[in-house]
Amino acid sequence: MISDSNIYKQKSIEQWTKHPIGAHLTKYPEGTKEFFDEIADFRYKIEFSWFKSTFKFNQYKNKKVLEVGVGDGIDHLELAKAGASLTGIDITPKSIELTQKNLELHGYKSDLLVADAEDLPFKDNTFDVVYSFGVLHHTPDTQKAIDEIYRVLKTQGKAVISLYHKNSLSFWLFVFLYDFILKGKFLRMSLKDRVSSIEKGGDETKPLVKLFTKRQAKKLFSQFRKVKIITRHAGLPTSSGRKLGKILNLTPVKNFFEFLANNGFGWYLIIEAEK
């Protein structure tokens, strides 16, 4: 009998195989340089304009860095440009292929392999940094994945992880109040299904999606010596298209919501934890 955990993981593989992250944002053929560059432009200039100033990848020069969940390699390429000694994993073979292609097109290399975040194929005390953005809220046992990250980090190594934040503007205002309540979706689906549909593909594939409070996140990282948590991203619907994103980026509304997002109500919990 197949466990619920394996079913959720298989759904994630199906989702990201059929709908690579950001692929809907570009008209260029999959795997071309233009394909990756357009996704990166949208990610860093429109959707996550705060990203590079928050993560500061240049600090990882000459560090042994593991990225858990490489997706199509957009962040992985930035880590490579920063001079990190890179390893990357993803549960989806298609993601590994795309990341490999992205790096090759720009003249970089990484040790890439298909692997499960809950069972990392590395020895204890291997990496200086483990980075994972928007991944571990999709794995069934998030605590196990974080325990694995702790295991493979060197002493005084750093985990830099982002998780979806339950107590965020994006969840309570856009997902719960507007979409679930006011649009009447509560009449035909559970809140759990609505949250799952955040990552829903066009074929109705819905991987596991979990939300965490700050308190829950602190508990997940309780074995780490130091833990710092900040919030980022207002979650305005910029990802539905470039034109909308550009318009919202120019309005006072965006500035107001981004202020709140940076002060405790962002869609992402960004956790920096030292072993």
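The values are calculated or read from the model by the stated rules, or taken from the named source; none is laboratory data. None of the values given here were measured: they were computed from a predicted structure. Backbone-built Cβ (ideal geometry, glycine too); neighbour counts: all protein chains shown.
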message: Against the condition within 22 Å of Val130 (Cα to Cα), of a type in the set (A, V, I, L, M, F, W, C) and part of a helix (DSSP H, G or I), how does Leu113 come out, does it pass?
response: no
query: Residue check, His138 against (1) of a type outside the set (A, V, I, L, M, F, W, C); (2) out of contact with any Lys or Arg (no Cβ under 7 Å at 6 or more places or on another chain); (3) modelled with pLDDT of 95 or more; (4) assigned to a loop (DSSP other than H, G, I, E, B), all met but one. Which one?
result: (3)
- prompt: Out of all the residues in the range 142-165, is one or more among the polar types (S, T, N, Q), modelled with pLDDT of 95 or more, surrounded by 21 or more Cβ atoms within 10 Å (Cβ to Cβ) and in contact with a helix residue (DSSP H, G or I) (Cβ under 7 Å, 6 or more places away or on another chain)?
  reply: yes
Unique residue being surrounded by fewer than 18 Cβ atoms within 10 Å (Cβ to Cβ) and at pLDDT 95 or above when the list is Glu274, Glu204: Glu274
task: Please specify each residue of the range 229-254 satisfying the condition of being assigned to a helix (DSSP H, G or I), loosely packed, with under 13 Cβ neighbours inside 10 Å and either at pLDDT 95 or above or not hydrophobic (A, V, I, L, M, F, W, C) (or both).
output: Ser240, Lys243, Lys246, Pro252
message: Anything in the range 32-57 that is buried (at least 17 other Cβ atoms within 10 Å of the Cβ) and in a loop (DSSP other than H, G, I, E, B)? List them, or say none.
response: Phe48, Trp50
message: I'd like the residue in the range 13-31 that is in contact (Cβ under 8 Å) with a residue 12 or more places away in the chain and assigned to a helix (DSSP H, G or I) and, out of all such residues, is surrounded by the fewest Cβ atoms within 10 Å (Cβ to Cβ).
response: Lys18
field: Output for the range 168-189, where each listed residue is touching a Phe, Trp or Tyr at 6+ places or on another chain (Cβ under 8 Å), within 17 Å of Thr213 (Cα to Cα) and assigned to a helix (DSSP H, G or I)
entry: Leu169, Ser170, Phe171
- line: Note on the range 1-55: residues modelled with pLDDT under 85, over 13 Å from Asp72 (Cα atoms) and of a type in the set (Phe, Trp, Tyr) are Tyr8
- prompt: Restricting attention to the range 45-60, does a residue exist that is over 26 Å from Leu269 (Cβ atoms) and not aliphatic (A, V, I, L, M)?
  reply: no
